[in-house]
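Report on one structure; see the data block that follows.
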C-alpha cells in the first residue's frame, strides 16, 4: 500500500502521451458559467467541420475542472476563476503542469427581482449583503423586507471570484442559499421579490429579473474597465495542448466565428476584453 | 333535516363522532390518491403535447430520435415566433436570409429529444441488472436451498441484506464514487498510468493499476448493482420458498442430486418470481439519480453510446460516460422556468415516469398473477 | 468443509460465495467509508491547531462579538429608515423617481446619449443635439407615467398617494444633467439621504453614536485578523507543501530503485533525468516553505488583545445608554417602534454575548494543544459548515443534521397520520374491491422517481405553496407569507408524499398480522367496527406500526434529489425561536451537501474526507434505524 502515487516520471510521460494520442473525443469538465452556454455553442459550431469528433461536456462547477484534470478524466477544464495556489501545488506535486487559456471576459451581474425598486448598490453594500451584515432591503434604499441572498455552491468558480471581487475576500454569511448553477439563481430571483443573486453576464437577461448597477456601473461591455466585478474565464489543460484539443482551443480562442458566438452568448471575446480592460 | 322520513332515528352524538372519525380515515386515504392524481394529470397534460403531434404519425418522432441540443428561440420582424434546435436554426437562417432574427434566446439541453439519455439509462439498467441478477439469484438459491433457517451465519447474511436495503442511495453513490471511479483495478499501458493510482504492478505488457474507472458506464452499473442486490435477493428467495417442498422431495426420491433438483425441479417454477424481482429491481434502479450523478453521467455528449464500440472496442464502450434520463431531468430542473423550456422539462419527466411506472405496473401485475396462479 | 472438490461442492460454494457477498459489501462499505473518513480527524485537527497557533481562533471570537453588535445596529438602521421615511418621505421620493429615470436613460436612450457625447465640443451641431436630447429625455421620462412611478415608490414609502409635478420636474432636470455629464449621477441626488439624516434629530444622533461605538472593536478585529491570516495562510501552505514533498520523495525512492535494474545506457540516462527532475521539484517545494515563528507572530495579537477589555467596557456602557435613549423618542412610524422594541429585547442577549466572549478571549492562549477529541467535537457539534473559504474552512455537522432532521420531522408530521389512517381504512373498512384498487395504487406511487418529484416541486408545488401562503387567510400565522420559495415545508411535503406508501405498506402488513380472534372478540363484546379498529387492533399492531414509521423516517432522511432541489440549501441552523415560521426557512441537509460539494473534492483532501464523514453519519443512522426495526419486528413475530 506504500506504493501510492506511482512516480512523477510515469505521470509526466502519461500527461504528454495522453494528449498526443489522436483521440476522437474531448472531455470538458468544470465551470457551469462556461459549460452551459458558451462551450455547447462552440461545440455545435466546431463539429460542423469535425464530424467524427465527440465532445462531452459536464458543467458542475469550476472545482470539478481541477479535480478531473488531475485524475486525468478531463481533457479541458473550464474554470470561471484562476487556479488556486493549493490546486496548482497538487499539480506540481504530481509532476503535471497546468496551462491556462483565456476563454472570454465576463462581468458578474448582480440581479434582483423585476419588482424590486432598488436600482443600484455600492460595492460595499453588496459585500455586506452577502456577508450577512445587511439583512433588510430598507438598509440599501429598498422596501422594508428581508433579503434572500442566493449564491452558487462552493465548487463554483463564480462563488470564489465573487467573494474575491465583490466581498473583499470575506466569507459568505450563513444566510446565503447555495443553488446549483446560474440558471437556478435566475429562476429563484425571478420568483422571489426579495431575492438577490449573481450570475455570469451571459445569464443576466431574462424574464422577471434585472441587473443592478454596482458603483454606478452597469454590467455592459463598454464599462469593462470600471465595472468592479469583471473577470476572465479560462480553459485549462494539462501540459501544452496537442492534437484535437489544441485544434479546438485554437478555434475557440482565436477564430472569428468563435468570437461571434462568444458575443452572441453574452460574454466578451478575450481579445476585445483584454483591450478594453487595459483602458 | 330528515324531512323525507320523520320517524328516522335521531343520530346520537356518538354516532356522529364515529362517522366523522371514519370519514377522516377515508379522507387520509383519498388525500394520498388525490395528490398522486394531481401529479400524474399535471405531468400528463403538460407532457403529452411534447409526445404527440396533430398530424401523422401523431407521435413526435424527433423527441425520440434526437439527443438533447441547444434550443434557440426568436421571432422575426413580423412577430412570428420560431423555436428549434441550434443546428436547425443555423440552416433556417441561411435559407431565410431576408427574415430578421430578433430577441434570440438559447436554452441549454432544451431542444432536440431524449434519445441519448434514454439509451444511457437503458444501458445502465441492463448492465446493472445482469450483474445484480447473477449475484442476487445465486445468493437467493443458497439462502433458500442450501442452508437451514436457523444457521447463525445465514442469519447474519440476512441481517446484512436487510441493512443494505436501508442504506441511503447517496451513501452508495459516495461508496461507488470512491471505489469504482477512483480505486478499481484497470489494465493500462505505461503511458496511461495515472499518478493518482493506489497501487500498480506490471502485467501483460502494461500495468494493472488501481486507479479507478472514472465516471463510466461500468462504474455506474456496479454502484447500482450493489444497491439493488438486496431487493433481488429478497424477492428471489421469496419465490424460491414458494415452490412446494414436495417438488424437491419427489426429485430427491428419484435419485437426483441437489444441484439437479434445484435446476430441474425448483428453478423452473421460480422463474416468474425471478422475473418479478427483475422488474422490481429495474423500477428501483431506473429512478435513481444520486448514484449515477457521481459515477456515470455527463450532461452533453455528441455520440450515442453504441458508436464508441466501433472506435474504441469493448473496454472503450464500458468505460465511456453516458447521458442518463434522471440526470438529464436534474439538468433541466436547474433551467429557468420559461415557457420555452417547459415542453422539454415536462416531456422528459413524462417519458421517464412512463418508463418507470410501466415497469412498476408490470411488477405489480406479475406479482398479483403469480400469487393467484401459484397455489399448489 | 474439507477439500471436497466434487461438482456439487463447487456449485454450493459458488452460490454460497455469492450469498456471503452481501456481508462483504456491507462490511466493505462500512470499512471504506470509515477509512476515507477517518483521515478527516487528524486533518481537521491540524487545521484547527493552525488556526489556534496563528490566532485565527481569537479573531473568530471577536468576530462573534461584532456579529452581535451588527444585529443590533441593523435593527436600529431599519428603525431609522422607517422613521425617516415617515417623516421626510416626500423628499426621498425625488431620489427614487430620479433613479427610475436614470435606469430608463441607461436602458432606452443610451444610443441617443452616446450620439450626443460623441459630437465635438463647441459646435452648433452639439447645441442642437443637446436640445433634441433634452427634449427626448423629458418626453421619455414623462412617458413613464405617475402610476408606474408610484408603484416603485410605495413599496418603500407606503403612505405616498401621489407624486407632485415639482418632484417629477426636478427629477427630470437631474436626469438631464446625468446624461450631459457622461453618465455621472448628480451630487445632489446622493446628498438627499445625508441631508435627511442630518435632520433626524435625536434618533439621528443615536444612530450615529452607535455606529461610531463599534469602530474600536472593528479596528481591533482587523489588526488581529490580518496578523492571524498571514500566519495561518503560511502554515496552511506549508502543510500542503510538506505533503507534496512527502509524495515526491516516495516517487524518488521508487524511481531510484529502478535504476539498479536498468542496463541500457539510454534508458539509464532518461531515468536519471527523471530523477533529477523530481529532485528539482522537491527542492522547489522546499524553497517555497516559509518558516514562520508562530511564537513571534502571535506577539502583535496579544498586544492588540490587551486593549480588548477596555473596548468592551466602553461598548457595554455606550450601547445600553443609546438604547435607553431610544425610549424617549416619539416614533411616528409604527414599524420603527416595533424595531425599537426588538432592539431592547436584543440588548440583554448582546450583553451576555459580550460577557461570554470576553472571558473566553481573556482565557485564550495559542499554546493549548488541540486534541483529537476537540477535532471530533468540532465536527459533530460544530455550528458552521463553511467550505471553500478564503480563510478557515469549518466543518460543523449541526447545521446539516438539524436541517435533515427538521425536514424529516415535517415530512413525518404529514406522512404518519395520512399513511396510518390510510392503512386502517384500507385494512378495516374498505370493501374488498375498493382495497383491491387502493392498495396497488398506493404501491404504485412508491415508484415515482425522486428527481421527478423534485422537478415537480420546483415547477408546480413551490409556486403554489408560495401563493397560498400569501393568502390573507393565513396571514395571522407567524412567518407567513413565506419569503423563500424553496424551504423546509416544501421539501417536507414532497418527502411526505414519498414516504407515505412505504409507511402504508408496512403498517398495513402489521395490521394484517393481528390475529383475527382479537377482532371477533371485540365485535362480540358489542364494540363498533371503529372502536375495534382504533382500540383493539391498532394497539395490537403498534410495534409493527412503529417499525413502519421508523423505516419511513429512514427513507426520508436518506433522500437526496428532492432536498437538493427544493430545500434551499442554506447551511445555517434553522431559527427555531421563530416558532412555526421555521417552516418557511431554507435549510441544508447531509445528503444535499454530499451531492453539492463532491465536485470540489479531490481524493485525499480534507473536504473529501469530511464528505465521507457525513456519509458515515448517514450510514450509521440508517443502520441504527434498521436494527431497531428488525428487533421490533422479530419480537412481534414471536
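What the table shows:
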read-out	value
Wholly within the range C:537-638, helices (runs of 4 or more DSSP H) carrying at least 2 residues that are modelled with pLDDT of 90 or more and within 30 Å of residue A:72 (Cα to Cα)	C:561-566, C:590-597, C:606-637
Matching residues, the range A:70-87, being farther than 29 Å from residue B:217 by Cβ and either touching a helix residue (DSSP H, G or I) at 6+ places or on another chain (Cβ under 6 Å) or more than 10 Å from chain C (Cβ to nearest Cβ) (or both)	A:80, A:81, A:82, A:83, A:86
Among residues of the range A:49-68, those that are facing chain C (nearest Cβ under 10 Å) and either farther than 23 Å from residue B:328 by Cα or out of contact with any strand residue (DSSP E or B) (no Cβ under 9 Å at 6 or more places or on another chain) (or both), counted	1
Residue match in the range B:225-233 (condition: without any contact (Cβ under 8 Å) to a residue 60 or more places away in the chain, surrounded by fewer than 23 Cβ atoms within 10 Å (Cβ to Cβ) and in contact with a helix residue (DSSP H, G or I) (Cβ under 9 Å, 6 or more places away or on another chain))	no
Single unsatisfied condition, residue A:169 versus (1) surrounded by 16 or more Cβ atoms within 10 Å (Cβ to Cβ); (2) under 18 Å from the mean Cα position of the chain (by Cα); (3) over 23 Å from residue A:114 (Cβ atoms)	(1)
Of all residues in the range A:243-279 being modelled with pLDDT of 85 or more and not in a helix (DSSP H, G or I), the one that is nearest to the other protein chains (Cβ to nearest Cβ)	A:267
Number of the condition not met by residue C:54 [criteria: (1) free of Cβ contacts under 8 Å to residues at least 60 places away in the same chain; (2) more than 25 Å from the chain's Cα centre (by Cα); (3) away from chain B (no Cβ under 14 Å)]	(1)
Cross-chain or 6+ apart pairs with Cβ under 7 Å, the range C:515-538 first and touching a residue at least 60 places away in the same chain (Cβ under 8 Å), then outside any helix (DSSP H, G or I)	C:537/C:514
Residues satisfying the stated conditions in the range C:483-534, i.e. part of a helix (DSSP H, G or I), modelled with pLDDT under 90 and in contact with a strand residue (DSSP E or B) (Cβ under 8 Å, 6 or more places away or on another chain)	none
Positions within the range C:71-90 being modelled with pLDDT of 80 or more and under 18 Å from residue C:171 (Cα atoms), in sequence order	C:88
Where a residue in the range C:159-170 is at pLDDT below 80 and its partner, wherever it lies, is outside any helix (DSSP H, G or I), with Cβ under 7 Å and at least six apart	C:160/C:154
Among (1) farther than 20 Å from residue A:137 by Cβ; (2) under 20 Å from the mean Cα position of the chain (by Cα); (3) modelled with pLDDT under 90; (4) crowded, with 20+ Cβ neighbours inside 10 Å, the one test that residue A:218 misses	(1)
Complete set of residues in the range A:117-134 that are touching a strand residue (DSSP E or B) at 6+ places or on another chain (Cβ under 8 Å) and closer than 11 Å to residue A:194 by Cα	A:118
Failed criterion for residue A:82 (all others in (1) more than 21 Å from residue A:180 (Cα to Cα); (2) part of a loop (DSSP other than H, G, I, E, B) hold)	(1)
Any chance residue C:595 is at the interface with another protein chain (Cβ under 8 Å from one of its Cβ atoms) and free of Cβ contacts under 8 Å to residues at least 60 places away in the same chain	yes
Evaluation of residue C:90 against (1) more than 38 Å from the chain's Cα centre (by Cα); (2) more than 25 Å from residue C:165 (Cβ to Cβ) (one fails), failing number	(2)
Which numbered condition residue A:163 fails, given (1) in contact (Cβ under 8 Å) with a residue 40 or more places away in the chain; (2) facing another protein chain (nearest Cβ under 7 Å); (3) under 22 Å from residue A:103 (Cα atoms)	(1)
Residue C:262 within 12 Å of another protein chain (Cβ to nearest Cβ) and either part of a loop (DSSP other than H, G, I, E, B) or without any contact (Cβ under 8 Å) to a residue 24 or more places away in the chain (or both)	no
Looking only at the range A:143-157, and only at residues there that are within 7 Å of chain C (Cβ to nearest Cβ) and buried (at least 23 other Cβ atoms within 10 Å of the Cβ), the one that is farthest from residue C:79 (Cα to Cα)	A:155
Residue list for the range C:330-339, restricted to those being under 12 Å from residue C:78 (Cβ atoms) and surrounded by fewer than 17 Cβ atoms within 10 Å (Cβ to Cβ)	C:338
Evaluation of residue B:84 against (1) away from chain C (no Cβ under 11 Å); (2) in contact with a helix residue (DSSP H, G or I) (Cβ under 9 Å, 6 or more places away or on another chain); (3) part of a helix (DSSP H, G or I); (4) under 30 Å from residue B:321 (Cα atoms) (one fails), failing number	(3)
Residue that is surrounded by the fewest Cβ atoms within 10 Å (Cβ to Cβ), among those in the range B:332-348 that are within 10 Å of chain A (Cβ to nearest Cβ) and assigned to a loop (DSSP other than H, G, I, E, B)	B:339
Residue in the range C:11-32 that is part of a helix (DSSP H, G or I), within 30 Å of residue C:383 (Cα to Cα), without any contact (Cβ under 8 Å) to a residue 60 or more places away in the chain and over 25 Å from the mean Cα position of the chain (by Cα) present	yes
Breaking point among (1) closer than 30 Å to residue C:228 by Cβ; (2) not in a helix (DSSP H, G or I), for residue C:62	(2)
Output for the range B:308-331, where each listed residue is facing another protein chain (nearest Cβ under 7 Å) and either in a helix (DSSP H, G or I) or within 16 Å of residue C:459 (Cα to Cα) (or both)	B:311, B:326, B:329, B:330
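Per-residue answers, yes or no, for (1) in contact with a strand residue (DSSP E or B) (Cβ under 9 Å, 6 or more places away or on another chain); (2) surrounded by 12 or more Cβ atoms within 10 Å (Cβ to Cβ); (3) in the same structural domain as residue C:86 (by TED's automatic domain parsing); (4) outside any helix (DSSP H, G or I):
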site: C:317; (1), (2), (3), (4): no, no, yes, no
site: C:321; (1), (2), (3), (4): no, yes, yes, no
site: C:341; (1), (2), (3), (4): no, yes, yes, no
site: C:347; (1), (2), (3), (4): no, yes, yes, no
site: C:351; (1), (2), (3), (4): no, yes, yes, no
site: C:354; (1), (2), (3), (4): no, yes, yes, no
site: C:357; (1), (2), (3), (4): no, yes, yes, no
site: C:360; (1), (2), (3), (4): no, yes, yes, no
site: C:390; (1), (2), (3), (4): no, yes, no, yes
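The values are calculated or read from the model by the stated rules, or taken from the named source; none is laboratory data. All values reported here derive from a predicted model rather than from experimental measurement. Glycine gets a Cβ as well: all are built from the backbone with ideal geometry, and neighbour counts include every protein chain shown.
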